Amino acid sequence: MTIEELRNTARDMGYNIVKIKQYEKFLPCTCGCNRREMWFGNTKEKSIIYKCMRCGLEVCGENKEDAKRKWNQKIKELEG
């Protein structure tokens, strides 16, 4: 059975097949703190904001997954 046949069968039965997303853990901040505040922004580009509770480093994203991904990217860039 191919993927398309499986999707069609599931759709006929009233189900939908979705890919499981890989869970990504937060990296600790460069200051060593592992606590973040989450803020909701008021614009489309900045709807979720994560901010370090010790040093104030912040990252904005469109949604929680995007903001988490950007947080980890920024930490990797700052660590070198």
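Just so it is clear, none of the values below were taken in a lab; they were calculated from the coordinates. These figures come from a predicted structure and were not determined experimentally. Don't worry about glycine lacking a Cβ; one is built from the backbone with ideal geometry, like all the others, and counts go over all protein chains shown.
For the reader, a short list of remarks on this structure follows.
- Ranked 13, 38, criterion: other C-beta atoms within 10 Å, fewest first: 13, 38
- Distance between the modelled labels on residue 15 and residue 63, one decimal in nanometres: 2.2 nm (7 Å Cα→Cβ projection).
- When the Cα positions of 31, 60, 73 are compared along the charge dipole of segment 24-79, 31 comes out farthest toward the positive end, with charges on each C-beta of Lys, Arg, Asp and Glu.
- Looking at the chain, the chymotrypsin sites (Phe, Trp or Tyr not before Pro) that sit in a DSSP loop and have at most 10 other Cβ atoms within 10 Å of their own Cβ are 15, 23.
- Think of it as helices only: each DSSP H run of n ≥ 4 in the chain is worth -39500 (n - 2.57), and spread over all residues that comes to -10500 deg cm²/dmol at 222 nm.
- Descending Cα extents along the principal axes, segment 24-79, whole Å: 30, 19, 17
- C-alpha long axis of helix 64-79 to longest principal axis of the chain, angle in °: 50 degrees
- Under 5 Å between amide hydrogens, built in the peptide plane, is the criterion, and for residue 57 it picks out 52 among residues at least 5 positions away or on other chains.
- With Cα atoms, 0 to 90° folded angle of helix 3-12 axis to the chain main axis: 80 degrees
- Nitroxide proxy distance, nm - points 7 Å out along Cα→Cβ at residue 73 and residue 27: 1.2 nm
- Mean separation of Cα contacts under 8 Å, 6 or more apart, over the residue count of segment 24-79: relative contact order %: 32 percent
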